[in-house]
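Colleague: What follows is a structure written as structure tokens; I'll ask about it next.
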Amino acid sequence: MTPALPASEGFSYREHRLHCEDVALDTLAQRCGTPLYVYSRRAIEDAYAAYASALSGRSALVCYAVKANSNLAVLDVLARRGAGFDIVSGGELARVLTAGGDVQKIVFSGVGKSEVEIEAALNAGVACFNVESVPELDRIDAAARRLQKRARVALRVNPDIDAGTHPYISTGLKNNKFGVAYADALALCRTAMEKSAIELVGLGCHIGSQITEIAPYVAAADRIIDLVNQLEREKVAIRHIDFGGGLGIRYRDESPPAVADLISALLARLDARGQRDKTVIFEPGRSIVGSAGALLTRVEYLKPGESKNFAIVDAAMNDLIRPAMYDAWMNVLPVTPRREEPKRYDIVGPVCESADWLARDRDLALQPGDLLAIVSAGAYAMAMSSNYNSRARPAEVMVDAAAAHCVRRRETLAELFATESRVP
């Protein structure tokens, strides 16, 4: 029986072979080797369009969270559609600019911005800095004065809202490192207004990732609107409200809300509380690219055991860290399903760690040499890959209808130590 896939992911079975758009994945594996990341351009564009459509008629900016997947081709596709970008490092700034992103649509987030990164962003002319602490505000002010510029900043507030997600990707609780404590936010806004090189333009929050309910967003929004209203009573005008990102996707049996439903609920809160004139900013990452990607891997060995059967594949935790780091469930599909009776396997890689597993207890009919696709792997996958065990990272391919473009070639072994040297 051929497994079913939602059409929105850009992946589907045709004539008993798994395709990305109009390209059969087994042909890509033959051409480019494995492990291999494959992305659907159509799925990325459709996901972005869901945000743009839901915000039609409002003053709004959709800033893609670059950390989810920073491949230049992904950034290029989104820049062409008019997206802004949420960055968290100087390296991401350089990537966005190289990919043709509009610098006036870049917001710079992150708790640890260095002086070098701040100066680079000021010189480039980013839209604003999302400020997360008092010393960061002081550092931005000093850098702006040194460069004789005025820095636009928005305060990222920690609203102490539980998003109900994994502890490692929860960012809106008071015990998280992110944002300014809610009780301190108004005082810091007043401090910002007193600094000659600072222009306070917004307030916002980001409460986590892989969020599957609307209620936490609305609760956080109400807390931010409370602050905006109080600032306005003090004659402090705020131009934008940033609701962050974090909307989840379906990996297994999750039921995240539709983008339109989330945005409708948040806009309704703004309208009901007299803030319709504010520009709204969203910073989606996973919900733009997560379902648009798959990791292709080939079965090397089948290893039966007393308590477990192992399918040892050529992808590993260095290629896809989510299962090992978050105990994440990833859907594994045969590229060409077999008709014989399945067995239960753990899908594991060749890295010398017991944490090197990609999926557990999966019922699959397998033979050595078979291709598997780990789907919904477009976000926090290749972006978090490494060279652990001196393994070259995968190549990446962007599929556009019937065309397949190699958008990152596979690393060579010599490149892994090209920046190193032996001692004299």
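Colleague: Looking at (1) out of contact with any strand residue (DSSP E or B) (no Cβ under 6 Å at 6 or more places or on another chain); (2) under 25 Å from residue 24 (Cβ atoms); (3) not hydroxyl-bearing (Ser, Thr, Tyr), which is the only condition residue 324 fails?
Modeller: It is condition (2) that residue 324 fails.
Colleague: Let me ask something else about it. Let me confirm something: among 373, 392, which residue is aliphatic (A, V, I, L, M) and either surrounded by fewer than 21 Cβ atoms within 10 Å (Cβ to Cβ) or in a loop (DSSP other than H, G, I, E, B) (or both)?
Modeller: So the residue among 373, 392 that is aliphatic (A, V, I, L, M) and either surrounded by fewer than 21 Cβ atoms within 10 Å (Cβ to Cβ) or in a loop (DSSP other than H, G, I, E, B) (or both) is 392.
Colleague: Somewhere in the stretch 273-280, is a residue in the same structural domain as residue 374 (by TED's automatic domain parsing), in contact (Cβ under 8 Å) with a residue 12 or more places away in the chain, assigned to a strand (DSSP E or B) and not small (Gly, Ala, Ser)?
Modeller: No; the residues of the stretch 273-280 include none that is in the same structural domain as residue 374 (by TED's automatic domain parsing), in contact (Cβ under 8 Å) with a residue 12 or more places away in the chain, assigned to a strand (DSSP E or B) and not small (Gly, Ala, Ser).
Colleague: Of everything in the stretch 101-116, what is under 20 Å from residue 131 (Cα atoms), crowded, with 22+ Cβ neighbours inside 10 Å and touching a residue at least 24 places away in the same chain (Cβ under 8 Å)? Give them in sequence order.
Modeller: Residues satisfying the conditions are 106, 107, 109, 113.
Conditions tested, residue by residue: (1) of a type outside the set (Val, Ile, Thr); (2) surrounded by fewer than 24 Cβ atoms within 10 Å (Cβ to Cβ).
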| site | (1), (2) |
| --- | --- |
| 230 | yes, yes |
| 235 | yes, yes |
| 246 | yes, no |
| 249 | no, yes |
| 254 | yes, yes |
| 267 | yes, yes |
| 280 | no, yes |
| 284 | yes, no |
| 300 | yes, yes |
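Colleague: Moving on. Output the qualifying pairs, or none if there are none: Cβ atoms under 6 angstrom, residues six or more apart or on different chains, first residue in the stretch 302-324 and modelled with pLDDT under 95, second residue among the charged types (D, E, K, R).
Modeller: Short answer, once both residue conditions are applied: 308/346.
Colleague: Test residue 345 against the criterion of being touching a residue at least 24 places away in the same chain (Cβ under 8 Å), of a type in the set (Ser, Thr, Tyr) and assigned to a strand (DSSP E or B), and give yes or no.
Modeller: Spelling it out, residue 345 is indeed touching a residue at least 24 places away in the same chain (Cβ under 8 Å), of a type in the set (Ser, Thr, Tyr) and assigned to a strand (DSSP E or B).
Colleague: Go over the candidates 383, 379 one by one and state the one that is out of contact with any strand residue (DSSP E or B) (no Cβ under 9 Å at 6 or more places or on another chain), surrounded by 15 or more Cβ atoms within 10 Å (Cβ to Cβ) and under 24 Å from residue 254 (Cβ atoms).
Modeller: 383
Colleague: Shifting gears a bit: Give me a count of the residues in the stretch 77-100 that are free of Cβ contacts under 8 Å to residues at least 60 places away in the same chain, under 16 Å from residue 284 (Cα atoms) and not small (Gly, Ala, Ser).
Modeller: Of the residues in the stretch 77-100, 6 are free of Cβ contacts under 8 Å to residues at least 60 places away in the same chain, under 16 Å from residue 284 (Cα atoms) and not small (Gly, Ala, Ser).
Colleague: Next up: I need every pair where a residue in the stretch 208-235 that is within 18 Å of residue 158 (Cβ to Cβ) has its Cβ under 8 Å from the Cβ of a residue that is assigned to a helix (DSSP H, G or I) and among the β-branched types (Val, Ile, Thr), sequence separation at least 6 or different chains.
Modeller: Close Cβ pairs satisfying both conditions: 208/169; 209/169.
Conditions tested, residue by residue: (1) in the same structural domain as residue 394 (by TED's automatic domain parsing); (2) on the phi > 0 side of the Ramachandran plot; (3) of a type in the set (S, T, N, Q).
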{"site": "322", "(1), (2), (3)": "yes, no, no"}
{"site": "327", "(1), (2), (3)": "yes, yes, no"}
{"site": "331", "(1), (2), (3)": "yes, no, yes"}
{"site": "341", "(1), (2), (3)": "yes, no, no"}
{"site": "345", "(1), (2), (3)": "yes, no, no"}
{"site": "352", "(1), (2), (3)": "yes, no, no"}
{"site": "356", "(1), (2), (3)": "yes, no, no"}
{"site": "364", "(1), (2), (3)": "yes, no, no"}
{"site": "368", "(1), (2), (3)": "yes, no, no"}
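To keep it simple, each residue is scored yes or no on (1) in a strand (DSSP E or B); (2) not assigned by TED's automatic domain parsing to the domain that holds residue 348.
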{"position": "235", "(1), (2)": "no, yes"}
{"position": "271", "(1), (2)": "no, yes"}
{"position": "295", "(1), (2)": "yes, no"}
{"position": "319", "(1), (2)": "no, no"}
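Colleague: Now a separate question. Counting only residues that are of a type in the set (Val, Ile, Thr) and part of a helix (DSSP H, G or I), which one in the stretch 32-73 is surrounded by the most Cβ atoms within 10 Å (Cβ to Cβ)?
Modeller: Here the residue is 66.
Colleague: Can you tell me which of (1) more than 25 Å from the chain's Cα centre (by Cα); (2) surrounded by 21 or more Cβ atoms within 10 Å (Cβ to Cβ); (3) not small (Gly, Ala, Ser) is the one residue 275 doesn't meet?
Modeller: (2)
Colleague: Sticking with this structure for a sec: Test residue 291 against the stated conditions and say whether it is outside any strand (DSSP E or B), over 18 Å from the mean Cα position of the chain (by Cα) and of a type in the set (S, T, N, Q).
Modeller: Spelling it out, it is not the case that residue 291 is outside any strand (DSSP E or B), over 18 Å from the mean Cα position of the chain (by Cα) and of a type in the set (S, T, N, Q).
Colleague: Select from the stretch 6-46 the residues that are touching a Lys or Arg at 6+ places or on another chain (Cβ under 7 Å) and under 22 Å from residue 250 (Cβ atoms) and write down the one among them that is modelled with the lowest pLDDT.
Modeller: Here the answer is 10.
Colleague: When residues of the stretch 78-91 are filtered for being surrounded by fewer than 23 Cβ atoms within 10 Å (Cβ to Cβ) and not in a loop (DSSP other than H, G, I, E, B), how many remain?
Modeller: 4
Colleague: Among the residues of the stretch 342-361, write down those that are under 20 Å from residue 11 (Cα atoms) and either in contact with an Asp or Glu (Cβ under 8 Å, 6 or more places away or on another chain) or β-branched (Val, Ile, Thr) (or both).
Modeller: Listed by number, the list holds a single entry, 359.
The values are calculated or read from the model by the stated rules, or taken from the named source; none is laboratory data. Computed from a predicted model, the values in this text were never measured in an experiment. No Cβ is skipped: glycine too gets one built from the backbone with ideal geometry, and neighbour counts run over all protein chains shown.
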